[in-house]
């Protein structure tokens, strides 16, 4: 199944498709209020911080939720075992990408991200709704293990023997600034590949061939061992999605820099990309 869906395709999806509104802005308030002002008809709001992540702690700012908690959240959102799922937002696609990755990690294979998000939907002149569907109706049960993941030691090892991509902005990777986490810098051996370069000005993903060329220039290709991290496992999921569009499998270090930098025993590198 394709990983992204166009507005035209979403406008023609069969009844029964679960549409999830995953509005999320890093450091901003939950998107529930914006959802209430207008959303794609039939969509249900899912809170990334509260439902698509566990409580912050040693595992980072957005650790994996407990499977039973994820199951309950997805059932409230109407996600079924055999129902297609489409996820979207109104910002940069990070929230939907996290939902896409998490659903696939939990064993759901029929999930796609709306390319261009709510902006593309509005640009096509399609309607919004303020009606909130009643919660429930889902029968999906989370069964972890559907997507590869890394812990800190595995991420460190992959940076030495394969390709570990850092999806954060260049200034955070280089250690010039760190607005959120304890220590600036990056995992030694990681290569910077900002998530923002995966999309064009309209927020849509670059063509698969362009993405493949971008990642190949960084050493990531289908035959390579590839991992990704970011600040807390959200924008990194967007990078995993872009890699999937390009046909490159990759593992996600969910704890990412928020977990790595919180451990004073972990080494920290600064400066530009190697080479």
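Only the coordinates and a few stated rules stand behind these numbers; no lab work does. Just so we're clear, the structure is a prediction, and the values are computed from it rather than from any experiment. Using ideal geometry, Cβ is built from the backbone for each residue, glycine included, and neighbour counts are taken over all protein chains shown.
Some points to look at:
- Across region 149-260, the relative contact order, built from alpha-carbon pairs under 8 Å that are at least six residues apart, equals 33 percent.
- Rounded to the nearest 5, the antiparallel percentage of DSSP beta bridges internal to region 11-148 is 20%.
- Taking N as the residue count of region 54-194, its C-alpha radius of gyration divided by 2.2 N^0.38 Å amounts to 1.24.
- Average silhouette area of the chain, convex hull of alpha-carbon atoms, in square nanometres: 13.5 nm²
- Percent of Cα pairs exceeding the 26 Å cut-off, where the set is region 4-123: 13 percent
- Rounded, prolate or oblate (a/c below 1.5 giving rounded, otherwise prolate when a/b exceeds b/c) for region 149-260 by Cα gyration tensor: oblate
- All Cα pairs of region 160-225, percent lying beyond 13 Å: 67 percent
- Cα-based shape type of region 126-182, given that a ≥ b ≥ c are square roots of the gyration tensor eigenvalues and the cut on a/c is 1.5: oblate
- Stretched out straight at 0.36 nm per residue, the stretch from residue 213 to residue 9 would grow longer than its current Cα-Cα span by 70.8 nm.
- Cα gyration tensor shape of region 38-108, rounded if a/c is under 1.5, else prolate or oblate by comparing a/b with b/c: oblate
- Viscosity 1.567 mPa s, temperature 4 °C, Stokes-Einstein D of region 1-50 from Kirkwood C-alpha radius, µm²/s: 105 µm²/s
- Taking 19 Å as the cut-off, the amide N atoms of region 58-90 that come nearer than this to a point 7 Å along the Cα-to-beta-carbon line of residue 128 belong to 87-90.
- Descending principal axes extents, region 218-271, alpha-carbon based, whole Å: 36, 20, 17
- Whole-number percent relative contact order across region 45-119, with pairs defined as alpha carbons under 8 Å at least 6 apart: 27 percent
- Rounded to 5, the percent of DSSP beta bridges in the chain classed as antiparallel: 15 percent
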